[in-house]
Amino acid sequence: MQQATAKRINLHTDDEVLGKAYDARVTRRLLSYLKPERRRIAVAMVLMVIATVGDLAGPYLVKVAIDSGVGRADPGVLWLAGAGYLLVNVAWWISTRARIGIMAVTGQTIIFNLRTELFDHLQALSLGFFSRHAVGRLISRVVNDVGVMRELITWALVAVARDVLHLFGLVIAMLLLDWRLSLLTFLVLPLMGLATALWRSRAREAYRWTRRSQSRVTGTLAENIAGVRVVQSFSREEHNYARFAAEVNRDNLDANIASALLTSIFFPTVDFIGSLAVGLVVWLGGTQVLGQAITPGVLVAFVLYIDQFFNPIRDLSQRYNTFQATMAAGERIFEVLDTDAEIVDAPGAVELPRITGQVVYQDVSFAYEDGVPVLSHISLDAPPGQLVALVGETGAGKSSLVKLLGRFYEVTGGRICIDGVDVRTVTQQSLRQQLGVVLQDTFLFGGTVADNIRFGRPDATDNEVIAAAQAVGAHEFISKLPNGYAAEVEEGGAVLSVGQRQLIAFARALLADPRILILDEATSSVDTQTEKKIQAALATLLQGRTAFVIAHRLSTIVKADLILVIDGGQIVERGTHHELLAQRGRYYELYTLAFEER
């Protein structure tokens, strides 16, 4: 089918966006992840109500103890009030402990599902997506943004419900105790509102700064770790360290200090306003106790309620930024999840049967972007088992031509057929299972040597792994490694030479037994002696397979069945090595130049 119209995101600028404190669209998506855990959340809510009732009952029991126990010299009432106070606090402890445990499990489960979904979706996206977006920012989505979501799901949701319920209950309890003292307490609320508004506006900017700086730290770390060999090769360690310490990490430090300073101002201010309310109540309430308008128990209980009253207000103010951060993180996460793969299976796509390997390009054109052609009207017919070499200057379109064969990108004109079947009519998985790709920069995954060889065929036996390595000449050096085939390979294969990594890649391709093989500059980064070993391995690997070889060293493809000279996205010459030399055209120039350079 045709290339999908994919929704694209801008990971370079969206770290600047905080989002709303409430976004209905994001909230609905979040609720869909909460739905499978609704029973646990319901239990947590019930436990939250029990804990809130316990909080509210405590000061009232103190009032009973003072007025009806101490005031009337009744030990029985005093004992019952004390026992009741202890009982409600035990209930509070048990319910709170259980609620925290339940929500921790619930939050981690939801985050596990969300992060798994993100990982699965990222793997399904087309290569074009990863060519447009930095790895560090994608990692930030999976790690940092999902971490923000965890904070909301694990703590904030139930905490907000608790704070609202607690605040509502406190207002009712205080009004029932004494409405005049309640109104006096409420007089300080405008001060609280002003302090909260000022803090919230500044905290918004501080969070944006923190968010941006954290993203830069993640992106810089990912970039420098991935490019550590280049960094060390050019002795850039000190420069990169200085830049990271003085700019990136320093900016993150300043952002977090600014946030901490705002917090150090706001929360003591809330406590001071609460103390002001207590002072007013003690003054007016004490006067009423002296005038016997209220009992001493009412005054003490009221002071205890005030002590609780400002906690949920403070928490709700803090949760505003949590919700704001969550809405922004949720929007970024869902933007990634909503990004469509640019290459999709056609409706009704079928499994590609076992192929013989005939490849036909019929008037194929391609452009990464509209109006910028990369390939124009490419036509070729490669019979099964033929070795086709692609030569040309950098940027001529060689790699693009072979990437189209595996549908890593989609043709914008013409079609590509394998055994007479248009590759767009079959499933991508069944197509790529019969293709083998060996790149110039071989990537090895963390794990053993054997794991890397059987990467394309996980069910292969140890004997089959060894046989594949022997066939391409890799067995000798693998046997000398500590633990042999069980030797651990660091990510990227850093402990192995370029040639050794390449031979492992050949063994991996051979074991997968593809009918069509693509070699993209597979020998350009090795020395002459290693190249001879690789050429011997190639002879085994290519036997009986249709192969497309992008050649940097023209000496490696002199025996190719067909050589295509690509220039400006077009085939300008085609033929065997001897035929093209006889033409004394572009290939002759490239070959002569390469010979002179050597």
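The values are calculated or read from the model by the stated rules, or taken from the named source; none is laboratory data. Because the structure is predicted, anything quoted here is derived from the model rather than measured. Quick reminder, even Gly has a Cβ in these numbers, built from the backbone with ideal geometry, and neighbours come from all protein chains shown. The protein model used for the area step is the full one, side chains on, heavy atoms only, and it has no ligands, DNA or RNA in it. Shrake-Rupley method; radii C 1.70, N 1.55, O 1.52, S 1.80 Å.
Filter the range 441-465 down to residues that are on the phi < 0 side of the Ramachandran plot, in contact (Cβ under 8 Å) with a residue 12 or more places away in the chain, not aromatic (Phe, Trp, Tyr) and not in a helix (DSSP H, G or I), then give me how many there are.
So the count comes out to 7.
Residues in the range 479-493: is at least one open to solvent by 50 Å² or more (accessible area, probe 1.4 Å), modelled with pLDDT under 80 and at negative phi? Steps first, answer last, please.
Keep residues of the range 479-493 that are open to solvent by 50 Å² or more (accessible area, probe 1.4 Å), which gives 479-480, 482-483, 486, 488, 490-491.
Going one step further and asking which of them are modelled with pLDDT under 80, we end up with 490-491.
Checking the rest, the ones that are also at negative phi come to 490-491.
Checked against the condition, which is being open to solvent by 50 Å² or more (accessible area, probe 1.4 Å), modelled with pLDDT under 80 and at negative phi, the range 479-493 yields at least one hit.
Given the conditions (1) open to solvent by 50 Å² or more (accessible area, probe 1.4 Å); (2) assigned to a helix (DSSP H, G or I), report the number of the one that residue 292 does not fulfil.
With (1) open to solvent by 50 Å² or more (accessible area, probe 1.4 Å); (2) assigned to a helix (DSSP H, G or I) applied to residue 292, the lone miss is (2).
Six or more apart or on different chains, Cβ atoms under 7 Å: show the pairs whose first residue is in the range 42-53 and among the charged types (D, E, K, R) and whose second is at pLDDT below 90 and surrounded by 20 or more Cβ atoms within 10 Å (Cβ to Cβ).
Note: no pairs meet the criteria.
If you take the residues of the range 90-108 that are open to solvent by 80 Å² or more (accessible area, probe 1.4 Å) and either touching a helix residue (DSSP H, G or I) at 6+ places or on another chain (Cβ under 8 Å) or touching a residue at least 24 places away in the same chain (Cβ under 8 Å) (or both), which of them is nearest to residue 43 (Cα to Cα)?
Kept after step one, since they are open to solvent by 80 Å² or more (accessible area, probe 1.4 Å), are these residues of the range 90-108: 92-94, 97, 108.
Imposing the further condition that a residue be either touching a helix residue (DSSP H, G or I) at 6+ places or on another chain (Cβ under 8 Å) or touching a residue at least 24 places away in the same chain (Cβ under 8 Å) (or both) reduces the set to 92, 108.
On the way: 92: 15, 108: 17 Å.
Checked the range 90-108; the qualifying residue nearest to residue 43 (Cα to Cα) is 92.
Does residue 238 meet the test of being in a helix (DSSP H, G or I), free of Cβ contacts under 8 Å to residues at least 40 places away in the same chain, surrounded by fewer than 17 Cβ atoms within 10 Å (Cβ to Cβ) and more than 28 Å from the chain's Cα centre (by Cα)?
Working: in a helix (DSSP H, G or I): yes; free of Cβ contacts under 8 Å to residues at least 40 places away in the same chain: yes; surrounded by fewer than 17 Cβ atoms within 10 Å (Cβ to Cβ): yes; more than 28 Å from the chain's Cα centre (by Cα): yes.
Judged against the criteria, residue 238 is a match.
Across the range 434-454, which residue is modelled with the lowest pLDDT among those that are closer than 21 Å to residue 482 by Cα, open to solvent by less than 70 Å² (accessible area, probe 1.4 Å) and of a type in the set (A, V, I, L, M, F, W, C)?
444
Conditions tested, residue by residue: (1) buried (at least 20 other Cβ atoms within 10 Å of the Cβ); (2) in contact (Cβ under 8 Å) with a residue 24 or more places away in the chain; (3) aliphatic (A, V, I, L, M).
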{"position": "158", "(1), (2), (3)": "yes, yes, yes"}
{"position": "168", "(1), (2), (3)": "no, no, no"}
{"position": "176", "(1), (2), (3)": "no, no, yes"}
{"position": "184", "(1), (2), (3)": "no, yes, yes"}
{"position": "194", "(1), (2), (3)": "no, no, yes"}
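Which condition number does residue 481 fail, the rest of (1) outside any helix (DSSP H, G or I); (2) under 30 Å from the mean Cα position of the chain (by Cα) being met?
Evaluating residue 481 over (1) outside any helix (DSSP H, G or I); (2) under 30 Å from the mean Cα position of the chain (by Cα) leaves (2) as the failure.
Quick check: is even one residue across the range 124-131 at pLDDT 80 or above and either open to solvent by 20 Å² or more (accessible area, probe 1.4 Å) or part of a helix (DSSP H, G or I) (or both)?
yes
Given the options 340, 370, 381, name the one that is acidic (Asp, Glu), open to solvent by 50 Å² or more (accessible area, probe 1.4 Å) and in contact with a Lys or Arg (Cβ under 7 Å, 6 or more places away or on another chain). Walk me through how you get there before you give the answer.
On the way: 370 fails: in contact with a Lys or Arg (Cβ under 7 Å, 6 or more places away or on another chain); 381 fails: in contact with a Lys or Arg (Cβ under 7 Å, 6 or more places away or on another chain).
Testing whether each residue is acidic (Asp, Glu), open to solvent by 50 Å² or more (accessible area, probe 1.4 Å) and in contact with a Lys or Arg (Cβ under 7 Å, 6 or more places away or on another chain) leaves just 340.
Could you pull out every one of the helices (runs of 4 or more DSSP H) wholly within the range 137-226 that has 2 or more residues that are over 19 Å from residue 55 (Cα atoms) and of a type in the set (Lys, Arg)? Please lay out each step first, then the result.
On the way: elements: 146-151, 157-177, 179-186, 189-226.
The helices (runs of 4 or more DSSP H) meeting that bar are 189-226.
Give me the pairs, please: first residue somewhere in the range 553-565 and farther than 17 Å from residue 537 by Cβ, second residue anywhere and part of a helix (DSSP H, G or I) and among the charged types (D, E, K, R), beta-carbon distance under 6 Å, and either six or more positions apart or on two chains.
Filtered contacts from the range 553-565: 565/586.
Are there any pairs, at least 6 apart or on different chains, whose C-beta atoms fall under 9 Å, with the first in the range 109-120 and more than 17 Å from residue 329 (Cβ to Cβ) and assigned to a helix (DSSP H, G or I) and the second open to solvent by less than 70 Å² (accessible area, probe 1.4 Å) and at pLDDT 85 or above, and if so, which?
So the pair list comes out as 109/37.
Can you name the number of the only condition in (1) part of a helix (DSSP H, G or I); (2) open to solvent by less than 40 Å² (accessible area, probe 1.4 Å); (3) touching a Gly at 6+ places or on another chain (Cβ under 9 Å); (4) of a type outside the set (Lys, Arg) that residue 305 fails?
(3)
Give the residues of the range 370-416 that are under 33 Å from the mean Cα position of the chain (by Cα), closer than 17 Å to residue 432 by Cβ and of a type outside the set (Gly, Ala, Ser), sorted by residue number.
401, 402, 403, 404, 405, 407, 408, 409, 410, 411
Restricting the search to the range 348-365, which residues are open to solvent by 50 Å² or more (accessible area, probe 1.4 Å) and either under 12 Å from residue 564 (Cβ atoms) or not in a loop (DSSP other than H, G, I, E, B) (or both)? Explain how you work it out, then say what you get.
Of all residues in the range 348-365, those open to solvent by 50 Å² or more (accessible area, probe 1.4 Å) come to 348, 350-351, 353-354, 356, 358, 362-363.
If the condition is that a residue be open to solvent by 50 Å² or more (accessible area, probe 1.4 Å) and either under 12 Å from residue 564 (Cβ atoms) or not in a loop (DSSP other than H, G, I, E, B) (or both), then 350, 362, 363 are the ones that fit.
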